[in-house]
Amino acid sequence: MNEINLTGKVILAGAGPGDPDLITIKTVQYLQQADIVLTDRLVSEEILTRYVNPAAEIIRVGKQCRRGISTPQKTINELIVEYALKGKLVVRLKGGDASIFSNILDELQAVKENNIPFEIIPGVTSSLGAAAYAGIPLTARDHSTAVRFLTLYKSTVVKDDYWKELAATDDTLVFYMSSETLDDLVQKLTENKIASDKLLAVVEQATTPFQQVYISNLYEYDATLKDKIFLSPSLVIIGKVVALHKEFAWFESAKNKEYYFKPLTALAEIQQSKEARA
Ligand code: SAH
């Protein structure tokens, strides 16, 4: 195994979608040597307990904007830079993959401006975790030849022409951060006459013991899923491949329904950590 340099470096790493076994060996090796771990809300406590160097300081800097709790990106950048310039090995740990729908660019720019060495370590992004654990192969032969990673965190991010294109394509569509705008999403796709053999799946807390998969025809959505409140985090998958779930679902979820990821206490903790350092 490679020798890992221990001085003043930033590792931007993905922790995978939930199941602690879905993290990469490379990320685990860095977590075992880290001085500081800055972690997101969608990284489980189990991962932190199992893999992080017991001597490391863990700082929770999650974002949960819809609930109004979040650590400003500027503060996160400052913490990363501050510790790295002190010669620490800083691991910035993100849920899923480090780059997909994350603020990695801000952090890369901050690191680069300060000439700090860095690495980016990929992770299993949640759509791949959800697809595997829900038995929905995203580009299954004869069903789809491509997959798109999208988001509809607010309705205005997708323009009218693009809705037409999304309704017409045979590509599998995966929407991140979109369970709260699902009514809009379904409405736009059905207005644009999406084929009725393309189904909708919502995968809640994918790859965790509390994973749930809800499936509906888009034209029956009002009667099936419209009034459901999905637990965070949830992903939306749309396409012909969704039908394969019925035959290939394999993952057994726990009987009880709980939140797997700890609710955010980021601001309080960051305050404490600042006070501890003062
Ligand atoms: N970097 C992450 C995505 C961050 S955006 C990744 O690669 O997965 C946050 C969104 O990811 C959530 O709103 C949700 O749509 C999705 N997500 C992350 N983890 C998830 C999980 N375990 N189950 C379902 N969706 C998940």
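The values are calculated or read from the model by the stated rules, or taken from the named source; none is laboratory data. Quick caveat, the model's predicted, so the values are computed rather than measured. Surface areas here come from the heavy atoms of the whole protein model, side chains and all, with no ligands, DNA or RNA. Shrake-Rupley method; radii C 1.70, N 1.55, O 1.52, S 1.80 Å.
Would you mind working out the accessible area per residue for region 127-248, using a 1.4 Å probe, and quoting it in Å²?
For region 127-248, the solvent-accessible area averages 46 Å² per residue.
Quick one: ranking T145, T27 by accessible area, 1.4 Å probe, largest first, what do you get? Kindly include the intermediate steps, with their values, before the conclusion.
Working: T145 135, T27 0 Å².
The ranking, largest first, comes out as T145, T27.
Taking amide H as placed 1.01 Å from N in the peptide plane, the amide H of K262 sits under 5 Å from that of E45, each at least 5 places away or on another chain. Converting phi to 3J(HN,Hα) with the Karplus coefficients 6.51, -1.76 and 1.60 and the offset θ = phi - 60°, region 12-26 yields 9, 10, x, 9, x, x, x, 3, x, 7, 9, 9, 7, 5, 5 Hz in sequence order, with x at every glycine or proline. In this structure E191 has an accessible area near 100 Å², from a 1.4 Å probe over the protein heavy atoms. Using the heavy atoms of the protein chains and a 1.4 angstrom probe, tell me the accessible area per residue for region 9-124 in square angstrom. Normalised by residue count, the accessible surface of region 9-124 is 42 Å².
3J(HN,Hα) along region 209-221: x, 9, 4, 9, 10, 10, 10, 8, 6, 5, 7, 10, 3 Hz, from the Karplus curve 6.51 cos²θ - 1.76 cosθ + 1.60 with θ = phi - 60°, whole Hz, x for Gly and Pro. Each residue of region 229-242 was assigned a 3J(HN,Hα) from its phi angle through the Karplus expression (A = 6.51, B = -1.76, C = 1.60, θ = phi - 60°), giving 9, 8, 6, 7, x, 9, 10, 10, 10, 10, x, 5, 4, 4 Hz with x at Gly and Pro.
Compute the angle between helix 104-113 and the longest alpha-carbon principal axis of the chain, please, reported from 0 to 90 degrees and rounded to the nearest 10. Rounded to the nearest ten degrees, it is 30.
Counting only protein heavy atoms and a probe of 1.4 Å, the accessible surface of the chain is 53% carbon and sulfur. Helix 73-85 and the long axis of the chain differ in direction by around 40°, with both axes built from C-alpha atoms. Amide H contacts of L199 (H built 1.01 Å from N, in plane; Pro and chain starts excluded): G239, K240, V242, A243 sit under 5 Å, all sequence-distant by 5 or more or on other chains.
Distant-in-sequence amide contacts of L89, defined by a placed amide H-H separation under 5 Å and a gap of 5 or more residues or a different chain, comprise G8, K9, D35, I36. For the residue pairs K94/K257; K188/K226; K9/K112; K88/K112; K74/K154, the C-alpha atoms sit more than 18 angstrom apart in K94/K257; K74/K154.
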